[in-house]
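Below is one structure; the comments refer to it alone.
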Amino acid sequence: MIQMYHVDKQYPGGAYGVSDVSMTLDRGEFAFLTGPSGAGKTTLLRLLFGAEHPTSGQILVAGRNVSRLSSGSVASLRCEIGVIFQDFKLLGNRSVFENVAIGLEIAGATRREARVRVWSMLKRLGLGHRMDDLPRSLSGGEQQRVAIARALVHDPLILLADEPTGNLDPDLALDIMDIIADAHARGTTVLVATHDPGLLDRYRHRRLVLEKGCLLADTYPDTQPGRVRWAASTLR
Ligand SMILES: Nc1ncnc2c1ncn2[C@@H]1O[C@H](COP(=O)(O)OP(=O)(O)O)[C@@H](O)[C@H]1O
Ligand SMILES: [Mg+2]
């Protein structure tokens with residue numbers, strides 16, 4: 001579903017976002033992208049949805065060569081991808097309903113279809129009663145759920161989430177992870193960037209570890225029940 005071959009992203013001025021990253025994420029996989037602040041997690045996600053272009057290397061996402069997409073093709077790629085941004089990126093002058101409907105407008109749904117799907121998505125996330133409110137009247141946790149509703153309302157093939165539980169208290173973080181796990185159970189391929197050790201310890205998912213832009217380790221949890229022990233041959 002996602003393939004990266006020797007991908008470099010060098011920012012103007014010379015700073016490296018990511019450096020010689022190669023990895024594959026299969027259809028239906030769930031992986032964490034982890035590493036300290038500045039490791040390149042956000043850069044890697046932005047490369048995958050076409051918000052940044054690699055300096056060199058190849059990126060394939062859902063069968064498309066993202067390294068050289070025209071802007072029209074970037075728009076069609078976005079129909080396949082849901083993105084949860086670290087800072088939510090909700091539109092302050094639009095209602096909760098309208099913020100979520102944007103996810104479907106991009107995917108080309110009719111107004112009627114959009115209404116039904118937005119309504120059922122918001123209800124599922126416990127926000128049915130907040131549909132007509134503006135984002136600023138919602139708590140941080142509610143705003144994050146709106147952002148998740150927008151990312152998932154068009155049933156994307158791929159979900160990319162950048163620190164989706166950052167700034168949330170632990171209970172809310174678990175709620176958010178439940179929603180993401182539910183999307184995964186419905187077949188969505190998931191990549192979650194996080195440096196939250198609580199999340200990483202709790203969920204037994206593959207981990208891609210970045211440091212200073214380089215992919216340092218790619219580890220799978222072992223299958224021993226009841227313990228989180230990582231096949232950590234390369235994890236330093
Ligand atoms: N727009 C940008 N311009 C220049 N350098 C950037 C830009 N965005 C990120 N960087 C640099 O790229 C590196 C990786 O950053 P980032 O991808 O945001 O890491 P993370 O999300 O893991 O904290 C850092 O050194 C950062 O300063
Ligand atoms: Mg980041």
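The values are calculated or read from the model by the stated rules, or taken from the named source; none is laboratory data. Quantities reported herein were computed from a predicted structural model and do not represent experimental measurements. In this analysis, Cβ positions are derived from the backbone assuming ideal geometry, glycine residues included, and neighbour counts consider all displayed protein chains.
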* Filtered residue count, region 162-206, keeping only those that are more than 16 Å from ligand 2 (Cβ to nearest atom), in contact with a Ser or Thr (Cβ under 6 Å, 6 or more places away or on another chain) and either at pLDDT 95 or above or within 23 Å of Met1 (Cβ to Cβ) (or both) -> 1
* Members of region 97-123 found to be more than 19 Å from the chain's Cα centre (by Cα) and modelled with pLDDT under 85, listed by number -> Glu105, Gly108, Ala109, Thr110, Arg111
* Asked: If only one of Gly63, Gly17 is over 17 Å from the mean Cα position of the chain (by Cα), closer than 30 Å to Gln143 by Cα and either exposed (fewer than 14 other Cβ atoms within 10 Å of the Cβ) or within 16 Å of ligand 1 (Cβ to nearest atom) (or both), which one is it?
  -> Gly17
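Take region 33-49 and flag every residue that is near ligand 2 (Cβ under 9 Å from one of its atoms) and either within 16 Å of the chain's Cα centre (by Cα) or crowded, with 24+ Cβ neighbours inside 10 Å (or both). Before you say what the answer is, go through the steps one by one.
Our first condition is that a residue be near ligand 2 (Cβ under 9 Å from one of its atoms); within region 33-49, this holds for 37-43, 45.
Gly40, Lys41, Thr42, Thr43, Leu45 - these are the residues of region 33-49 that are near ligand 2 (Cβ under 9 Å from one of its atoms) and either within 16 Å of the chain's Cα centre (by Cα) or crowded, with 24+ Cβ neighbours inside 10 Å (or both).
Could you list, in sequence order, the residues of region 8-18 that are within 16 Å of ligand 2 (Cβ to nearest atom) and either in contact with a Cys (Cβ under 7 Å, 6 or more places away or on another chain) or part of a loop (DSSP other than H, G, I, E, B) (or both)?
Going residue by residue through region 8-18, those that are within 16 Å of ligand 2 (Cβ to nearest atom) are 9, 11, 15-18.
Listed by number, the residues that qualify are Tyr11, Ala15.
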* region 69-114, subset basic (Lys, Arg) and in contact (Cβ under 8 Å) with a residue 12 or more places away in the chain, residue farthest from ligand 2 (Cβ to nearest atom) -> Arg94
* To do: Six or more apart or on different chains, Cβ under 8 Å: which pairs go from a residue in region 34-60 that's without any contact (Cβ under 8 Å) to a residue 60 or more places away in the chain to one that's acidic (Asp, Glu) and away from ligand 2 (no atom under 13 Å from the Cβ)? Could you list them?
  => Pro54/Asp8; Thr55/Asp8; Ser56/Asp8; Gly57/Asp8; Gly57/Asp20
